[in-house]
Amino acid sequence: MDKFSIIYYSIQLSVLILLISVRNLTSLFRRSRKEPAIESYRIKVLSFPQELEKKGDMPLELQYIKAKNPALFEKLKTLLSGNKAIGIRTTEQTPQIILDAVNEISVRSQHRMILTWLPILLWSQEEPLITEKDRAEARKDKKDLDECVTAILKHRFAFKRFVLIDEANEGTTKEEMILIADLNQELYPLTIHYIVERIIADNAHERTAVAQAIIKALIIIGPITHALETVAAGIGKVFAASTDDVLAEAAELAALRGSGFTWRKLAARSKILLPVFILATYGAFRVEDLIEINRMFLAGMVFGLSAIALSLTTAIQSIRMYHESVTDLIGEKKYSALAPRAVWKLAFLQDFTNPARLGLLIGAIASPLVAGAIFVFFPHLTHNGWVLAMLGTTETMVAGLTVLIARTLGEWMLTRELAHAIDAAHEGTPWAEAQKFKLKR
């Protein structure tokens with residue numbers, strides 16, 4: 001089998017794997033849009049005043065209330081002396097009504113941006129600028145953007161709040177309802193960053209269902225790569241690198257499509273992808289030659305670059321697309337003017353707040369280095385199809401891992417914010433104003 005036949009059949013197999021992986025993905029995408037996310041939450045319950053006396057046993061939320069508003073904390077202790085308990089309810093899944101509202105406003109009015117308007121809306125109820133043209137276009141699809149804003153504001157307290165538990169079924173007094181409302185009002189500013197992160201993460205999870213399905217489909221690359229590499233050294237390398245690149249690129253495009261970019265917009269940005277793919281496939285084919293002359297690190301780097309060429313190209317392009325979005329918002333007076341460097345920074349932050357997108361970028365950067373290290377320190381594994389498949393899918397494995405840990409990271413950030421706020425309350429530092437300034441930046 002000559003070199004060109006190897007390349008030809010490798011490309012054919014790559015396309016075949018892509019077709020297998022996208023089978024029924026259209027129905028999957030439709031199903032993810034039709035089936036609403038079930039709101040899930042956890043709750044921590046305190047029933048006795050004694051539970052408020054030991055700092056180590058007290059939830060951070062109540063430690064903050066005690067430090068910030070001692071009088072309110074004493075009222076809470078009195079409440080627990082009766083037959084009432086207090087619960088701290090944390091939402092683990094953004095209500096579907098908020099996800100839909102954020103997506104509608106983002107795509108139809110804010111050029112697919114979220115960070116430019118959502119934090120300020122949650123903080124000070126300052127609504128994003130929606131033009132009459134935006135409203136008219138939305139009404140054509142029976143969507144009301146003003147109702148979307150109202151829905152977000154109405155449900156913004158649902159993410160982290162105190163709830164009253166009537167353990168003896170005695171009924172709730174007006175004073176107790178006021179106390180709970182005051183507690184939630186005091187706590188709310190601390191939770192804004194958590195709310196934004198939770199909404200963005202859940203929005204990304206919902207809009208990248210197709211991308212995640214493609215990532216999961218990559219598991220079938222391993223056995224095929226091993227079989228090909230057993231037949232002839234080099235074929236498996238070309239297959240592993242090119243197939244992963246094609247599927248990772250499909251995941252990238254699906255993630256961007258889910259974020260609101262049209263197929264026409266993505267197609268216009270995809271003209272360079274074919275020559276990049278050809279070069280990447282040729283690079284994967286040259287890996288075996290580099291191994292033969294003992295250029296192991298370079299061979300690994302070339303293999304890793306061949307596996308991420310398409311998705312890395314799209315990652316760079318996607319930042320530019322979000323840069324255009326920010327520029328359009330500024331041009332329409334929907335966002336304050338920024339220095340050129342700040343525009344790029346905001347575009348970068350918006351693009352990679354999507355955990356799947358962030359994971360693909362991190363994996364793309366790491367892939368050549370990881371492959372180079374494996375080729376140098378474990379040269380006997382360079383013909384193992386399973387290892388080659390793993391190296392070829394480094395970016396997608398990192399992307400999947402990033403999606404999984406995104407929720408845990410959001411929880412950690414909230415805990416950190418609470419700890420900082422408690423320290424600031426003890427020191428008398430105007431923490432809330434500093435947070436408001438940071439959000440507006």
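The values are calculated or read from the model by the stated rules, or taken from the named source; none is laboratory data. Computed from a predicted model, the values in this text were never measured in an experiment. Cβ coordinates were reconstructed from backbone atoms using ideal geometry, including for glycine residues, and neighbour counts include every protein chain displayed.
Among the residues of the stretch 125-142, are any charged (D, E, K, R), part of a helix (DSSP H, G or I), touching a residue at least 40 places away in the same chain (Cβ under 8 Å) and more than 19 Å from residue 333 (Cβ to Cβ)? Talk me through it step by step, then tell me what you get.
Within the stretch 125-142, the subset charged (D, E, K, R) is 126-127, 132-135, 137, 139-142.
Imposing the further condition that a residue be part of a helix (DSSP H, G or I) reduces the set to 132-135, 137, 139-140.
Add one more test, that the residue is touching a residue at least 40 places away in the same chain (Cβ under 8 Å), and what stays is none.
No, because not a single residue in the stretch 125-142 is charged (D, E, K, R), part of a helix (DSSP H, G or I), touching a residue at least 40 places away in the same chain (Cβ under 8 Å) and more than 19 Å from residue 333 (Cβ to Cβ).
State all residues of the stretch 164-178 that are of a type outside the set (Gly, Ala, Ser) and either in a loop (DSSP other than H, G, I, E, B) or crowded, with 20+ Cβ neighbours inside 10 Å (or both); if no residue qualifies, say none. Before you say what the answer is, go through the steps one by one.
Initial filter on the stretch 164-178 (of a type outside the set (Gly, Ala, Ser)): 164-167, 169-170, 172-178.
Matches in the stretch 164-178: 167, 169, 170, 172, 173.
Please name all residue pairs, on different chains or six or more residues apart, with Cβ atoms under 8 Å, provided the first residue is in the stretch 171-187 and is closer than 13 Å to residue 75 by Cβ and the second residue is modelled with pLDDT under 90 and among the basic types (Lys, Arg).
Hits for this filter: 176/84; 186/68.
Every residue, every condition in (1) at pLDDT below 85; (2) under 22 Å from the mean Cα position of the chain (by Cα), yes or no:
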| residue | (1), (2) |
| --- | --- |
| 58 | yes, no |
| 70 | no, no |
| 84 | no, no |
| 96 | yes, yes |
| 103 | no, yes |
| 111 | no, yes |
| 122 | no, yes |
| 140 | no, no |
| 143 | no, no |
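Mind checking which residues of the stretch 278-308 are of a type in the set (Phe, Trp, Tyr) and in contact with a helix residue (DSSP H, G or I) (Cβ under 6 Å, 6 or more places away or on another chain)? Please lay out each step first, then the result.
Here is the first cut: in the stretch 278-308, the ones of a type in the set (Phe, Trp, Tyr) are 282, 285, 297, 303.
Those that are of a type in the set (Phe, Trp, Tyr) and in contact with a helix residue (DSSP H, G or I) (Cβ under 6 Å, 6 or more places away or on another chain): 285, 297, 303.
Loosely packed, with under 15 Cβ neighbours inside 10 Å, farther than 23 Å from residue 411 by Cα and among the hydrophobic types (A, V, I, L, M, F, W, C), is that true of residue 48?
Numbers: loosely packed, with under 15 Cβ neighbours inside 10 Å: yes; farther than 23 Å from residue 411 by Cα: yes; among the hydrophobic types (A, V, I, L, M, F, W, C): yes.
Considered against the rule, which asks whether it is loosely packed, with under 15 Cβ neighbours inside 10 Å, farther than 23 Å from residue 411 by Cα and among the hydrophobic types (A, V, I, L, M, F, W, C), residue 48 comes out as yes.
Can you go through 417, 433 and tell me which one is assigned to a helix (DSSP H, G or I), modelled with pLDDT under 70, more than 15 Å from the chain's Cα centre (by Cα) and surrounded by fewer than 22 Cβ atoms within 10 Å (Cβ to Cβ)? Quick ask: steps written out before the conclusion?
Numbers: 417 fails: modelled with pLDDT under 70.
Exactly one residue qualifies, and that residue is 433.
Could you pull out the residue among 42, 33 that is under 25 Å from residue 92 (Cβ atoms), modelled with pLDDT under 85, in a helix (DSSP H, G or I) and not hydroxyl-bearing (Ser, Thr, Tyr)?
33
Yes or no: the stretch 372-385 includes at least one residue that is assigned to a helix (DSSP H, G or I), at pLDDT below 75 and surrounded by 17 or more Cβ atoms within 10 Å (Cβ to Cβ).
yes
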